[in-house]
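Each reported figure results from applying straightforward, stated rules to the coordinates on display, with no laboratory input. Everything numeric in this text was worked out from a predicted model, so none of it was measured. Note that each Cβ is placed from the backbone with ideal geometry, even for glycine, and that neighbours are counted across all protein chains shown.
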Amino acid sequence: MIFQDPMTSLNPVYTVGRQIAEAVQIHTKASRSVAMAKAEEMLRLVRIADPERRVNNYPHEMSGGMRQLAMIAMALACSPELLIADEPTTALDVTIQAQILRLIVDLKERTGTAVMFITHDLGVVAETCQRVIVMYAGRIVEQANVIDLFARPAHPYTQGLMRSVPDRRRGRQRRLPEIPGIVPSLREPIVGCSFAPRCPVAIDICRDKTPALRDVGSSHAAACWRAEEVMGA
C-alpha cells in the first residue's frame, strides 16, 4: 500500500533503505545484505537519482516527491499482486504528481501488478483508471468502466462531482456548482438512499427504501431509483 502522507508513514529514525529492506526481510526471509541490495534496486526501479546514496538517507533528507517514490519502492519490493494507492499525489505539485502517476502506470505494465487508486481527484481517475467505483457514505453508488462513467454518469452524486470540477468553458463569471448539504453521520442507521437529503431528483421512495446496485448498461451499475432518468438528463 502507498499511503497519502509519506512523511508520517516513514519512520524518521531509520534510513529509507533500511525500511524498504525490513519489508523484504519480513516477507522473504532474506539476509540483511541481500535485503539492502534489493532496497537499492527498488529505488533505482522507481527512478530515484543516485540510489546508492539515497538508500542511506533519512526521510527528512528527501523531498516530498522522493519520499513518495520511496513509498512506492517499499510497496513493490515484495512483488505484490495488488498495489493500493491511497491519494498517492496529495500535497505534491502538479509536475511531480504527473511524474508519479506515470511511474505507477508504467510499473503496473512492467510488473503485472494490479493497481487500485483511492482518490477524490477525477483527473487522476480519467487519466489512469480503467474501471471506477464511486462511493458515498460508505456504500457503492455506481460502478462502470472509466469511459462510460464520464460519458453517462447514472447516479446524481456522480453527476454532482463532475459538475463541481472547474471548467474554463463555463467562463469566469459563472459560479462553480456545488452539492448542497453535508455527508450524513454514519453513527446512526440511514433510512433510504443516503444521498436523498442532498439529491435534486429525490422522490418519496428514495427516502424510504435503500436502492440496490443494479445494471443500467453493459458493465455499468448504479444504486439509484431514478438512474435511467438521470442518465438521460
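Things worth noting here:
- Any hit, segment 149-160, residues being in a helix (DSSP H, G or I), over 17 Å from the mean Cα position of the chain (by Cα) and among the charged types (D, E, K, R): no
- Residues that are in a helix (DSSP H, G or I) and aliphatic (A, V, I, L, M), drawn from segment 14-30: VAL16, ILE20, ALA21, ALA23, VAL24, ILE26
- For segment 183-199, filtered to residues that are touching a residue at least 12 places away in the same chain (Cβ under 8 Å) and exposed (fewer than 12 other Cβ atoms within 10 Å of the Cβ), the residue that is nearest to ALA223 (Cα to Cα) is VAL191.
- Restricting attention to segment 67-80 and to residues that are out of contact with any helix residue (DSSP H, G or I) (no Cβ under 6 Å at 6 or more places or on another chain) and under 21 Å from THR119 (Cβ atoms), the residue that is surrounded by the fewest Cβ atoms within 10 Å (Cβ to Cβ) turns out to be PRO80.
- First in segment 62-73 and under 19 Å from VAL24 (Cβ atoms), second anywhere and surrounded by fewer than 24 Cβ atoms within 10 Å (Cβ to Cβ) and aromatic (Phe, Trp, Tyr), Cβ under 8 Å, 6 or more apart: MET71/PHE3
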